[in-house]
Amino acid sequence: MNLTAENHSVPLSDGNRIPLLGLGTYGDPRTLAIDVGYRHFDGALVYFNEHEVGQAIREKIADGTVKREDIFYCGKLWNTFHPPELVRPALERTLKTLQLDYPGDTFYPKDEDGKYIYHHTDLCATWEALEACKDAGLIKSLGVSNFNRRQLELILNKPGLKHRPVSNQVECHPYFTQPKLLEYCRQNEIVIVGYSPLGTSRDASWVNLKCPPLLEDEVLQSIGRKYRKSTAQVALRFNVQRGVVVIPKSFSPQRIHQNFQIFDFSLTEDEMKQIEGLNKNIRFVELLMWSDHPEYPFHDEY
């Protein structure tokens, strides 16, 4: 049987399904790997490439490789669009941008002193605006990103809640396994989507270099040798095997292909525990430049 990502998906609480393996499109989207089998693409307006991503997907639909309903595309509502009156226009812009040229805007507003300008918006009000977009048929599934437990409870306990968040996209990998948040989300039927599942680049401008390079880990290398797999494949398999969706990013066609080859082996229970034991509870992505934001999520334990 031809192995494709839709054969390996998990259900969402709204009745839809999400492929366990997706491709992060932050950066160069020309390597979109539909031919390899990817059907899940993670994007955002602030990646400044949604037009190119949409074009690549449309070309594969046009040549008959996939149908539109085969593709799971995740976009994001950027922070500057959280005021309720901006939610639907921002969503419509993403839908339009996936078809047409990209319009510019200021996504990181600063004052004259160079300090970030924040929108002090009620997350529940933003969520209600998103619910209206879902009711209008503009969205199939509603999720959140970088929400901690307190922020999730804010939404889940909102009076008159119409649509529960079905996913929470957060950093998740063997060095940051998110056990408490993962368990809380499981209890509330929220799927964890793990970004940076292979760690990150070593760019000190935004990466916490206190955390050592994940792919050089000796335990992952040892397990990889057993299965004739790379450390990256072992790290991805670890998360997928515990029901965490992963969205690795790569510019290399070879690695994009290799990252997909994780459905032909399984880790033993002991190996899963070994990898869980690697947890250092240290984030690669701390986003410290926004740590003074009133809704900065990483001050809490989880």
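The values are calculated or read from the model by the stated rules, or taken from the named source; none is laboratory data. Only a predicted model underlies this, so the values are computations on that prediction, with no experimental measurement involved. Neighbour counts are summed over all protein chains in view; Cβ atoms, including those assigned to glycine, are modelled from backbone coordinates with ideal geometry. With ligands, DNA and RNA removed, areas are computed over all heavy atoms of the protein, side chains included. Shrake-Rupley method; radii C 1.70, N 1.55, O 1.52, S 1.80 Å.
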*asked:* Under 5 Å between amide hydrogens, which residues at least 5 positions from residue 176 or on another chain qualify, with H placed 1.01 Å from N in the peptide plane?
replied: 280
*So, with +1 on the Cβ of K and R and -1 on the Cβ of D and E, and no other charges, what is the size of the charge dipole of region 60-144 about its Cα centre, to the nearest 20 debye?*
360 debye
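Based on alpha-carbon atoms only, what is the radius of gyration of region 205-296 relative to the globular estimate 2.2 N^0.38 Å? All intermediate terms of the calculation are to be shown ahead of the outcome.
Working: Rg = 15.1 Å, N = 92, 2.2 N^0.38 = 12.3 Å.
Normalised Rg, Cα atoms only: 1.23.
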*For region 177-194, what does the Karplus curve 6.51 cos²θ - 1.76 cosθ + 1.60, with θ = phi - 60°, yield as ³J(HN,Hα) per residue in whole Hz, taken in order and with x for Gly and Pro?*
7, 6, x, 6, 5, 4, 5, 4, 5, 4, 4, 10, 6, 10, 7, 7, 10, x
*Please turn the phi angles of region 131-146 into ³J(HN,Hα) values with the Karplus equation 6.51 cos²θ - 1.76 cosθ + 1.60 (θ = phi - 60°), one per residue in order, whole Hz, x for glycine and proline.*
4, 5, 5, 5, 4, 7, x, 7, 10, 8, 9, 10, x, 10, 9, 6
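For 186, 225, give me the order by solvent-accessible area with a 1.4 Å probe, most accessible first, ignoring ligands, DNA and RNA. Show your work: numbers first, answer last.
Numbers: 186 120, 225 165 Å².
Of 186, 225, the descending order of accessible area is 225, 186.
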*asked:* Run the numbers for residue 265 and residue 287: contour at 0.36 nm per residue of separation, minus the present Cα-Cα distance, in nm.
replied: 4.4 nm
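What is the gain in length, in nm to one decimal, between residue 218 and residue 134 on full extension, counting 0.36 nm per residue of separation less the C-alpha to C-alpha distance? Walk me through the numbers on the way to the answer.
On the way: separation 84, 0.36 × 84 = 30.24 nm, distance 4.55 nm.
Separation in residues times 0.36 nm, less the Cα-Cα distance, equals 25.7 nm.
For the chain, what is the calculated [θ] at 222 nm in deg cm²/dmol (nearest 500), taking -39500 (n - 2.57) for each run of four or more DSSP H residues and dividing by its residue count?
On the way: 9 runs with 94 residues, N = 302.
Calculated mean residue ellipticity at 222 nm is -9500 deg cm²/dmol.
List the chymotrypsin sites (Phe, Trp or Tyr not before Pro) in region 132-230 that DSSP assigns to loop (not H, G, I, E or B) and whose Cβ has at most 13 other Cβ atoms within 10 Å. Which are they? Before the final figure, lay out each step's value.
Numbers: sites: 147, 175, 176, 184, 195, 206, 227; in loops: 147, 175, 206.
Sites meeting the loop and neighbour criteria: 206.
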*Report the normalised scattering of region 142-253 as log10 I(q)/I(0) at q = 0.18, 0.22, 0.24 Å⁻¹, calculated by the Debye formula with identical scatterers on the alpha carbons.*
-0.94, -1.20, -1.33
*When a/c is below 1.5 the answer is rounded, else prolate if a/b is larger than b/c, else oblate, so apply that to region 56-206 with a ≥ b ≥ c taken from the square roots of the Cα gyration tensor eigenvalues.*
rounded
*Per the 1.4 Å probe, what fraction of the accessible area of the chain, in percent, lies on carbon and sulfur atoms?*
49 percent
*region 212-302: which GluC sites (Glu not before Pro) are DSSP loop and have at most 13 other beta-carbon atoms within 10 angstrom?*
301
_Built amide H within the under 5 Å cut-off of residue 21, gap 5+_ = 246
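Can you bin region 141-196 into rounded, prolate or oblate? Criterion: square roots of the alpha carbon gyration tensor eigenvalues sorted a ≥ b ≥ c, rounded for a/c under 1.5, prolate for a/b above b/c, oblate for the rest. All intermediate terms of the calculation are to be shown ahead of the outcome.
Working: a/c = 2.33, a/b = 1.90, b/c = 1.23.
Prolate shape, in that a/c is at least 1.5 and a/b is the bigger ratio.
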_What does the charge count around residue 272 come to, taking other residues whose C-beta lies under 11 Å from its C-beta (Lys +1, Arg +1, Asp -1, Glu -1)?_
-1
*Please list, in chain and number order, the residues 5+ apart from residue 211 or on another chain whose amide H is under 5 Å from its amide H, with Hs placed from the backbone.*
none
*Please calculate the 1.4 Å probe accessible area of residue 163, with all protein chains present, and give it to the nearest 10 Å².*
40 Å²
